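The values are calculated or read from the model by the stated rules, or taken from the named source; none is laboratory data. None of the values given here were measured: they were computed from a predicted structure. Heads up, the Cβs are rebuilt from the backbone with ideal geometry, glycines too, and the neighbour counts pull from every protein chain shown. Protein only, heavy atoms only, side chains kept; ligands, DNA and RNA dropped before computing areas. Shrake-Rupley method; radii C 1.70, N 1.55, O 1.52, S 1.80 Å.
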Amino acid sequence: MNDLLLAKAIVLGLSALGAGIGMIAGLGPGIGQGYAAGKGAEAVGRQPEASGKITQTMLLGQAVAETTGIYSLVIALLLLFANPLIRLLS
Amino acid sequence: MDIGIKTMFYLGRIPITETVVTTWLIMVVLVIGSMVATRRFRTAAPGDKLGTTEHVVEFVVDGLYQFIRETMGKKGLKFAPYISTLLIFLVVANLIGLLGFRPPTADLNTTFGLATISFILIQGTGLRSKGLWGYIKGLFEPFVFMFPLNVISEISTPVSMAFRLFGNILGGMVIMSLLYGVAPILIPVFPHVYFDLFSGIIQAFIFTMLTMVFVSMASDEEEEN
């Protein structure tokens, strides 16, 4: 009984740690989106009349760049709220 | 904190979740709203004065058609009904969190369903414009051994679209519920503007935009050859 409790505590603690470490992937999209936004600002500065098209393209590119960050978010949410590892114990 | 999807009631033995109820609610509101708003178009004679509702409907439909024409070209207009419906549904579904409902898009089933429809549309367009043989040949380009990679890249399109929408909306929902636990009064107003209004509208736009881009990429091949 006590052993199972200890095992559960270890799994839960390490899952929380894993979720935190997994969210380091948020770095990448942040840098990428910031770079895209900077380039978008440059493009608007050079060609203000095309700002609508530039914003649209920028948002599309940023959304695609965001995918990896969203994957890590989904994994972190899984580890926190629908942990598949804790079910292996019982 | 619980972010699981609640089961509202059972229909026989099938569980009916919150998502299904909210989705049906949105569908009823949108369908009845469109029927009421366009009712006078059928009976109006030329020269009749139209009301405010009709002008708003015309403005929205004109805007959507122009947006689709700019993105996909004139040939894209035959997809306009599906794409406009998708955009309107997604905007309403993402914003319904403001009324206290759980957004249907914070459920992986909804987003995967929508992404599957878009996937079938993309593949169907590709199949139609290139023909069966051209479609199969396209999967083996540029080399024969690239076939598995091409298949994976085709399948990963709807998966990433579904996860993007789901992750954004659910992430906003989780952060908002954490914030409500810490500071329930007044402070959550401003994050609501970002997470629900801005993020919701942007994600609805992105989903439809990606559908349009992939569909026009699938149908573009024909014009070049």
### Query
Which whole number gives the average count of other chain Cβ atoms within 10 Å of the Cβ atoms across peptide B:168-174?
3
### Task
Identify all lysines with a Cα-Cα distance to residue B:49 below 30 Å; exclude those on the same chain that are fewer than 8 residues away in sequence.
B:78
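With runs of 4+ DSSP H residues as the only contributors, calculate the mean residue ellipticity of chain A at 222 nm using -39,500 (n - 2.57) per run, divided by the residue total and rounded to the nearest 500.
For chain A, the value works out to -27500 deg cm²/dmol.
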### Query
How many Cβ atoms of partner chains, on average, are near each residue of B:203-210 if near means within 10 Å of its Cβ?
3
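Once neighbouring chains are kept in place and the probe is 1.4 Å, which whole percent of the accessible area of chain A is contributed by carbon and sulfur? Numbers along the way, then the final one.
Numbers: 4150 of 5740 Å².
The C+S portion of the solvent-accessible surface of chain A is 72 percent.
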### Message
Inside 10 Å of the C-beta atoms of A:46-59, what's the mean count of C-beta atoms belonging to other chains?
### Response
1
### Message
Over chain B, with a Gaussian network built from C-alpha contacts below 10 Å, which listed residue (B:62, B:107, B:196) shows the highest mean-square fluctuation?
### Response
B:62
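At 222 nm, what helix-only mean residue ellipticity would chain B give, in deg cm²/dmol to the nearest 500, using -39500 (n - 2.57) for each DSSP H run of four or more?
Numbers: 8 runs with 160 residues, N = 225.
Taking each H run of at least 4 residues, the total per residue is -24500 deg cm²/dmol.
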### Query
Tell me, what HN-Hα J-couplings in whole Hz come from the Karplus equation 6.51 cos²θ - 1.76 cosθ + 1.60 at θ = phi - 60° for each residue of the range B:87-99, using x for Gly and Pro?
5, 5, 4, 5, 4, 5, 5, 6, 7, 5, x, 5, 8
### Query
Roughly how many debye, to the nearest 20, is the charge dipole of chain A about its Cα centre, given +1 on each Lys and Arg Cβ, -1 on each Asp and Glu Cβ, and no other charges?
60 debye
### Query
chain A: which trypsin sites (Lys or Arg not before Pro) are DSSP loop and have at most 15 other beta-carbon atoms within 10 angstrom?
none
### Message
If I compute solvent accessible area with a 1.4 Å probe over the protein chains, what percent of it on the range B:1-63 is carbon and sulfur?
### Response
67 percent
### Summary
Residue-normalised value, i.e. accessible area per residue, for the range B:7-224 at 1.4 Å probe, in Å², stands at 59 Å²
### Accessible surface buried once B binds A (1.4 Å probe; total of both sides; Å²)
1400 Å²
### Query
Tell me, what ³J(HN,Hα) does each residue in the range A:56-67 have, in order and in whole Hz, if you take phi through Karplus 6.51 cos²θ - 1.76 cosθ + 1.60 with θ = phi - 60° and put x for Gly and Pro?
4, 5, 4, 5, 4, x, 5, 5, 5, 5, 6, 3
